[in-house]
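Report on the following structure.
The values are calculated or read from the model by the stated rules, or taken from the named source; none is laboratory data. None of the values given here were measured: they were computed from a predicted structure. All Cβ positions, glycine included, derive from the backbone under ideal geometry; neighbour counts span all protein chains shown. The protein model used for the area step is the full one, side chains on, heavy atoms only, and it has no ligands, DNA or RNA in it. Shrake-Rupley method; radii C 1.70, N 1.55, O 1.52, S 1.80 Å.
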Amino acid sequence: MGDINLIQKITIYALPVLFAITLHEAAHAYAARRFGDSTAYMMGRMTLNPLKHIDPIGTVLLPLLSVTLGGFIFGWAKPVPVNFGALRKPREHGRLVAAAGPASNLLMTLLWVLLLKLAIGMDTSYSEPLALMSQAGIGINISLMLLNLLPILPLDGGRIVESFLPPGMAWKYSKLEPYGMWVLLALIATGLLTTILRPFYGLMYGLVRALI
């Protein structure tokens, strides 16, 4: 995408970013209600309306800066409130609620791959914009999925790890949550995050290439 201007780049990325973040949060809300907690549903968060999930900094400013400056696309939405104690099986269902977000990004990755295949096979004026948007959608959803699967609280991967630990260890692990975002920012600032995620990116893009 190096030969397109900034406005075009923002236009190409806008919908994929909104879809990726909105469906990620809505998936958490749906899974929570499915397993017994209606907190997010009662607060109007079980919706595909992006306005309910947008965080001005995490959903707009940081992704915009990431697209402008290049490199790792970083951002977040307003977290969906989940009362894990209200789930019918807090530990088992809690990990499924946490996994629902990354699972939605995997599904969206596959849908963008299908759209990319469609765009490649088209011979119209819409094929190039669709192909560029599909490539953006693939990249954004892979990034969001892998980032959220890191075993760091409050990320989804941290919630999944916590759910598998014995109660005593889980309680001690939960005490690390206030420091999680600082750890993540440190990983980003030092470049270690890219090193950690590189082999997983390789696996995901290998899958994408196999499907196209």
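Among all the lysines, which ones have a C-alpha under 16 Å from K78's C-alpha, if same-chain residues fewer than 8 places away are not counted? Within the straight-line cut-off, K78 pairs with K52. Simple rule: put +1 on each Lys or Arg Cβ and -1 on each Asp or Glu Cβ in the chain, find the dipole, and look at L155, L110, V17; the Cα lying farthest toward the positive end is L155. Karplus-derived 3J(HN,Hα) values for the stretch 130-135, using 6.51 cos²θ - 1.76 cosθ + 1.60 with θ = phi - 60°, are 5, 5, 5, 5, 5, 4 Hz; glycine and proline are entered as x.
Think of a 1.4 Å ball rolled over the protein heavy atoms: the stretch 94-137 then has 50 Å² of accessible area per residue.
Listed by chain and number, the aspartates and glutamates whose C-alpha is less than 19 Å from the C-alpha of K9, apart from same-chain residues fewer than 8 away, are E128. The label-point distance for S38 and N83, in a model that sets each label 7 Å from Cα toward Cβ, rounds to 1.1 nm. In the elastic network of the chain, a GNM with C-alpha springs shorter than 10 Å, the most mobile of A186, A26, A136 is A186. Modelled label positions at N49 and E92, each set 7 Å beyond Cα in the direction of Cβ, lie 3.5 nm from each other. Modelled spin labels at K117 and L185, positioned 7 Å past Cα toward Cβ, are 4.3 nm from each other. Full extension of the chain between T11 and L211 yields a length gain of 69.4 nm, computed as 0.36 nm times the residue separation minus the alpha carbon distance. Against the chain, whose longest principal axis comes from its Cα atoms, helix 90-121 is set at around 10 degrees. Surface composition of the chain: carbon and sulfur make up 70 percent of the accessible area, probe 1.4 Å. Quick one: angle between helix 192-211 and the longest Cα principal axis of the chain, in degrees between 0 and 90, rounded to 10, please. The angle comes out near 60 degrees.
Rounded, prolate or oblate for the stretch 61-146? Axes are the square roots of the Cα gyration tensor eigenvalues, ordered a ≥ b ≥ c, and the cut-off for rounded is a/c under 1.5. Because a/c hits 1.5 or more and a/b fails to exceed b/c, the stretch 61-146 counts as oblate. Would you give the gap between the C-alpha center of the stretch 150-181 and the C-alpha center of the stretch 1-66, rounded to a whole Å? Cα centres, the stretch 150-181 to the stretch 1-66: 24 Å.
Ordering 96-103, 176-183 by mean Cβ neighbour count within 10 Å, with the highest value first, yields 96-103, 176-183.
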